[in-house]
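What follows is a set of notes on a single structure, which appears directly below.
The values are calculated or read from the model by the stated rules, or taken from the named source; none is laboratory data. Keep in mind that this is a model prediction, so the values were computed, not measured. Don't worry about glycine lacking a Cβ; one is built from the backbone with ideal geometry, like all the others, and counts go over all protein chains shown. Protein only, heavy atoms only, side chains kept; ligands, DNA and RNA dropped before computing areas. Shrake-Rupley method; radii C 1.70, N 1.55, O 1.52, S 1.80 Å.
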Amino acid sequence: MQTPYYLIDKSALLPNLEKIAELRAASGAKALLALKCFATWSVFDLMAEYMDGTTSSSLFELKLGRETFPGETHAYSVAWADHEMAEVIANSDKVIFNTAGQLRRFEAESRDHVRGLRVNPGVSTSDFDLADPARPFSRLGEHTPEAIEPVADLISGFMFHNNCENGDFDRFDAMLGQIEDRFGALIRRMEWISLGGGIHFTGAGYPLDRLAERLKRFAGENEVQVYLEPGEAAVTNSTSLEVTVLDTLDNGKKLAIVDSSTEAHMLDLLIYRESAKMTPDAGPEEWMICGKSCLAGDIFGEFRFPEALKPGDRLSILDAAGYTMVKKNWFNGVKMPAIAIRELDGSVRPVRDFTYDDFVAALS
Ligand SMILES: Cc1ncc(COP(=O)(O)O)c(C=O)c1O
């Protein structure tokens, strides 16, 4: 296949899915894929065998989940527009409002639907302000029991999302305790509670049994059905971005320019000022891998190689699934990476290519 392309490896996806299934079985919690993180529907047939459905952040994600992923479909958005609500209700099993104001606004229209409210517990594991749902003045959810109390009878569940790539079970446990201390009386009036995403429970060494026990206890003591909304945890380490070196130069550092771009194809690297991951990253040669867009800082990172790079060399940039494929864009008109799937039997199946016509169609 011609590069650039994203390669989703089903046999690398599978261990994540098996951990999700193990957690569901041991805890009784249901797991909904967060489409904001990963929406490449060509692998949903496999994912749906291990998960209960999807959750969304917009009407379009909601409809995609309904159409392509069997099971439950949760509808959440930071703010719904008036013209969306009929479709939101038609395509969802539950609708979760971000504020009491939105709940009241759509009260009549959603009366016969299962409804929930996002609650912001004011604590989080994010240390990056941009991504911290509990940042000062956060618009993400209602912050106080006093604000929730007047609408509590209109809903049957809450959604909390305050973890962020949290691989520390004790921290999760402590924060859930804080949530129970502060919102326990309200939680016990509900039938279901979503604890959102951001729990890195598919990571190596995560104490899955302790998480399962904690979730089961939370569900039992509060008499609620627990939901989790994993995104990154479901797809971590499953996908690479396959690229080719187009040119090399030495400007005090050895530079290689590849047929891709961070800004267009791995935007999160720029947003969160992170380096890509590459394999192998060992050997005497140190090279800076650069994108082909005009952005001066379009740099994937610096890596080690066994030999000097040259045009035509193929490179694999790792961990290109979560918050990556969903954010690809047409900046600079750089060829959008195709999508391929490595099936469980090892065969590679191209599932999508993007052409000049797609570039033209993205604007008018
Ligand atoms: C409400 C909600 N649920 C689930 C997720 C998925 O989180 P993650 O991909 O970290 O598991 C997010 C991420 O921002 C979110 O905002």
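Which residue, of 158, 201, is open to solvent by less than 10 Å² (accessible area, probe 1.4 Å) and not in a loop (DSSP other than H, G, I, E, B)?
158
Within the range 319-335, is there a residue that is in a strand (DSSP E or B), open to solvent by 70 Å² or more (accessible area, probe 1.4 Å) and closer than 25 Å to residue 238 by Cβ?
No.
Kindly list, by first and then second residue, each pair from a residue in the range 293-319 that is within 13 Å of residue 280 (Cα to Cα) to a residue that is open to solvent by 50 Å² or more (accessible area, probe 1.4 Å), limited to pairs with Cβ atoms under 7 Å and residues at least 6 apart or on different chains.
302/286; 303/281; 304/281; 304/282; 304/286; 316/279; 318/277; 318/279
Given the residues 229, 213, which is the only one that is more than 15 Å from the ligand (Cβ to nearest atom) and open to solvent by 10 Å² or more (accessible area, probe 1.4 Å)?
The match here is 213.
Could you grab the pairs with beta carbons closer than 9 Å, sequence gap of 6+ or different chains, first residue in the range 139-164 and of a type in the set (Lys, Arg), second one assigned to a loop (DSSP other than H, G, I, E, B)?
What qualifies is 139/78; 139/79; 139/98; 139/99; 139/120.
Which is open to solvent by 40 Å² or more (accessible area, probe 1.4 Å), among the basic types (Lys, Arg) and not in a loop (DSSP other than H, G, I, E, B), of 115, 104?
104
For the structure I just gave you, tell me whether residue 215 is closer than 30 Å to residue 76 by Cα and not β-branched (Val, Ile, Thr).
So residue 215 passes the test.
Suppose the filter is in contact with a helix residue (DSSP H, G or I) (Cβ under 9 Å, 6 or more places away or on another chain), in contact (Cβ under 8 Å) with a residue 40 or more places away in the chain, among the polar types (S, T, N, Q) and within 15 Å of the ligand (Cβ to nearest atom); does residue 194 pass it?
The answer is no for residue 194.
Between a residue in the range 12-37 that is part of a loop (DSSP other than H, G, I, E, B) and within 13 Å of the ligand (Cβ to nearest atom) and any residue that is charged (D, E, K, R) and open to solvent by 10 Å² or more (accessible area, probe 1.4 Å), which pairs come within a Cβ distance under 8 Å, given they are 6 or more apart or on different chains?
35/61; 36/61; 37/232
Say we look at the range 237-250 and pick out the residues that are in contact (Cβ under 8 Å) with a residue 12 or more places away in the chain and open to solvent by 10 Å² or more (accessible area, probe 1.4 Å); which of these is nearest to residue 11 (Cα to Cα)?
For the range 237-250, the residue satisfying everything is 237.
Within the range 56-69, is there a residue that is touching a Gly at 6+ places or on another chain (Cβ under 7 Å), in contact (Cβ under 8 Å) with a residue 24 or more places away in the chain, within 13 Å of the ligand (Cβ to nearest atom) and open to solvent by 30 Å² or more (accessible area, probe 1.4 Å)?
no
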